[in-house]
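Worksheet: the structure to be examined is printed underneath.
Read-outs throughout are calculated quantities, based only on the coordinates presented, and are distinct from any laboratory measurement. Given the structure is predicted, the values throughout are model-derived calculations rather than measurements. Here the Cβ positions follow ideal geometry from the backbone for every residue, glycine too, while neighbour counts run over all protein chains shown.
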Amino acid sequence: MPQAIPTHRSTAHAAIRQETARQHDRSPARREAHAFYCTARWKRYRRWFLARHPMCEAKGCDEPATEVHHREPVRKRPDLAFVEANCEANCRPCHSRETIKGARP
Ligand SMILES: [Zn+2]
């Protein structure tokens, strides 16, 4: 009797899944930052900050703010994560732009 029964899962499919996971989460620092944004403390701070800064603070933009941008990224300066002066209220499009800019060297 053969012991190895072929399954429907192909190795190619597994490789694609692994590659996708890598693209979403490239480094341990990124994983840490992601964990940070899930904390109750951050969610509380974010609500407080957006109540004080209800409008997007990007130049020339006056959309309602929905995101809190860190001028110094949390992965670089975790000590500034809850410092108001290190944070900027942004609407979603401006925040995406800031984050992309910040991710580049
Ligand atoms: Zn904006």
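Points to keep in mind about this one:
- In the range 28-103, the C-alpha radius of gyration followed by the widest Cα-Cα span (Dmax) gives 11.9, 35 angstrom.
- By the beta-carbon count within 10 Å of each Cβ, the least crowded to most crowded order of Cys91, Cys38, Cys61, Cys56, fewest first, is Cys38, Cys61, Cys91, Cys56.
- Charge tally around Cys94: other residues with Cβ under 12 Å, Lys/Arg +1 each, Asp/Glu -1 each, net -2.
- A straight Cα-to-Cα reach below 14 Å connects Lys101 with the aspartates and glutamates Glu72, residues fewer than 8 places away in its own chain not being considered.
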